[in-house]
Amino acid sequence: MKELDQEMMQQLRLKANELLLREQWEQSIQTYNHFISLCQTHISDPQTQPDPKLQKSLCLAFSNRAEARSKTRDFDGALKDCDEALKIENTHFKTLMCKGKILLSLDRYSMALNCFKIANLDHPSNVDSETLNGYLERCKKLEFLSRSGAFDFSNWVLNGFKGKVPELAEYVGCVEIKKSDISGRGLVAIKNIESGSLLFVTKAIATERGILPESKTEDLCENAQMVMWKSFVDKVVESTSKCKRTQCLISLLSVGENEECLEVPNISRFRPDSDQDFSFSNEKIDMGVLLNILDVNALVEETFSSKFSGKNGNYHGVGIWVLASLMNHSCNPNAKRFHIGDHVIVHASRDIKEGEEITLSYFDVFTPLKARKEMARNWGFDCHCKRCKFESDISLKHEMGEIEMGYELGVDVGTTVFKLEESMKRWMIRGKMKGYLRASFWKVYSELFVSEKLMRKWGRRVPTKEAVVESVVEAVGSDERVLRVVIEGMKRDGGGGLVEMEKAMKLGRGVYGKVMKKQAMRSILS
């Protein structure tokens, strides 16, 4: 190599390293591009003798460029650089650490663990051994959680949801994706699932969060939401442009049209460490198509679903979780979701039978049919679930019209409950159908059951609280509002006995999932 070329390459290498240390990622990438190009030109020159030092410099340059690319979230490019560096030196410690951290951030736990194991095996006495051991332990834990779903939030719950938020791994339980009888595609249980069982945990492709301004004018609040939405869209665009896997997963989602023609992807695509090859996808998603996808599939973090994060009433969040977006709505749902950090956790809110579609409620299903129809229209669809069909038929009865009118006018809750129960007797309504109507009028049932005065007046003429709760949960799943009524009753009765506590615990597992031990669940119930 000519002395002039050597000096220029040395200057480029030093400049690139300096830019990397200054965290000027884009400039360092550009400088490394130049340096790597020159190195490869010299190495490929048949007139040039092999130079081990140049090979070592090239290996380090690939490794450093990988680090810079990972900081700009260009994970595909960063992983390619790592692979190029490892072709030159297959046990290069810095590269193995860089690749392991990238794979870990992409939730590819087994592959990340393998990188850290090789680094530990070949460099057992490295100065970074403490850091390496930390990554090894973290990978082992996350890899175990991704296989088992054995999450435990007990300590966090007992600490009042304060302190460090539990670290989550992506997990897919006993579900698969199939054509749906409701709409397009949906998730289906592949075995019988008990209430509270974890169905899946999935990380957002992108989120945007903030505290909305306290203002009497709706315009200011809407403007703040629009700013958040634009920032959210920008994040999705960046993620899809820099990661083929993200681009492929986003492209699977519906734009709200031709649902029946959509591909039914294998659930393995969503499992951590999926060996699915996403490199074939070169076409960028059209911006108009992407906006339609986000409009149809983005989820809002509501006050309830974000409660574990201790957010206040003005908290607003929006995100895109691909697997969760494949779930359809039903007014008799069997699953619930809540958010921790960038993850959505979905669990069974009641027992689910093998082959049953797993559904969420897109809006509050503890309201009468008329209100639910309006909310469904706001979401852009008409609900045709069993509950809505049943209640649509019942609503044609004259007595039902009177009960609904009384509910809207605020007639005495005891009178409303009594009339509804007597009508159901005459109409010979049984089983889940009773639960459907009781859920629709849960507001009046709950007001009745928590009032000692009203229960003294109506208690003998209406079903027991236990019978109503059991039918409602069987019909539409566990809900925090139902649990609250049960707990109020137990407090009034002096804490209840073991049987009552066990029933409350089961209901609590349907509300919060089996992610905490009994002591932590009791803490929430109390």
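The values are calculated or read from the model by the stated rules, or taken from the named source; none is laboratory data. In this text the structure is predicted, and so the values were computed from the model without any measurement. Note that we place each Cβ from the backbone using ideal geometry, even for glycine, and neighbour counts take in every protein chain shown. Ligands, DNA and RNA are excluded from the accessible area calculation, which covers all protein heavy atoms including side chains. Shrake-Rupley method; radii C 1.70, N 1.55, O 1.52, S 1.80 Å.
Per-residue Karplus couplings for segment 24-34, computed as 6.51 cos²θ - 1.76 cosθ + 1.60 with θ equal to phi - 60°, are listed in order as 8, 4, 4, 5, 5, 4, 4, 5, 5, 4, 5 Hz, Gly and Pro entered as x.
The apolar share of the surface of segment 3-147, taken as the fraction of accessible area on carbon and sulfur atoms (1.4 Å probe, ligands and nucleic acids excluded), comes to 49 percent. Within the straight-line cut-off of under 17 Å between alpha carbons, the aspartates and glutamates reachable from K179 are E257, E259, E260, E263, E354, E356, E357, sequence neighbours fewer than 8 places apart in one chain being disregarded. Straight-distance candidates among the aspartates and glutamates for linking to K94, with alpha-carbon spacing under 14 Å and chain neighbours fewer than 8 residues away dropped: E67, D81, D83, E84, D122, D128.
Classification of the chain by its C-alpha gyration tensor yields a prolate form. The axis ratio a/c (a ≥ b ≥ c) is 1.5 or more, and a/b outweighs b/c.
With the whole protein complex present, V499 retains an accessible surface near 90 Å², based on a 1.4 Å probe. What is segment 28-122 by shape, rounded, prolate or oblate, if you read a ≥ b ≥ c off the alpha carbon gyration tensor as root eigenvalues and call it rounded for a/c under 1.5, prolate for a/b larger than b/c, and oblate otherwise? Oblate, because a/c is 1.5 or more while a/b does not exceed b/c. Per-atom-type breakdown for segment 369-525 gives carbon and sulfur 54% of the accessible area (1.4 Å probe, protein chains only). The longest stretch of the chain left intact once loop-based trypsin sites (Lys or Arg not before Pro) with at most 10 other Cβ atoms within 10 Å are removed from consideration, loops following DSSP, is 23-161.
Using a ≥ b ≥ c from the Cα gyration tensor of segment 369-525 (square roots of the eigenvalues), is it rounded, prolate or oblate, where a/c under 1.5 gives rounded and otherwise the larger of a/b and b/c decides, a/b for prolate? Walk me through the intermediate numbers first.
Numbers: a/c = 2.14, a/b = 1.36, b/c = 1.57.
Cα axes put segment 369-525 in the oblate bin.
Checking every one of the chymotrypsin sites (Phe, Trp or Tyr not before Pro) in segment 413-448 against DSSP loop status and a limit of 14 other Cβ atoms within 10 Å picks out W427. For the pairs K389/K432; K191/K518; K370/K397; K434/K465; K419/K503; K71/K235, flag any whose C-alpha to C-alpha distance is greater than 18 Å. The pairs that break the limit, which is 18 Å between Cα atoms, are K191/K518; K419/K503. A DSSP coil position with no more than 15 other Cβ atoms inside 10 Å describes the following GluC sites (Glu not before Pro) in segment 1-61: E23.
Coupling constants for segment 455-466 follow from the phi torsions by the Karplus curve (6.51 cos²θ - 1.76 cosθ + 1.60, θ = phi - 60°), and in residue order they are 5, 5, 7, 10, x, 7, 9, 10, x, 5, 4, 4 Hz; glycine and proline get x. 3J(HN,Hα) along segment 438-451, derived from phi through the Karplus expression 6.51 cos²θ - 1.76 cosθ + 1.60 where θ = phi - 60°, amounts to 5, 5, 5, 10, 4, 4, 6, 4, 5, 5, 5, 5, 8, 9 Hz, with x in place of Gly and Pro.
Taking amide hydrogens as placed 1.01 Å from N in the peptide plane, the amide H of V172 sits under 5 Å from those of V201, each at least 5 positions away in sequence or on another chain.
At 10 °C and a viscosity of 1.306 mPa s, what translational diffusion coefficient does Stokes-Einstein give for segment 302-445, taking Rh as the Kirkwood radius over Cα pairs? Give it in µm²/s as a whole number.
93 µm²/s
A DSSP coil position with no more than 14 other Cβ atoms inside 10 Å describes the following GluC sites (Glu not before Pro) in segment 141-177: E167. Taking every alpha-carbon pair under 8 Å whose residues sit at least 6 apart, segment 333-378 reaches a relative contact order of 34 percent.
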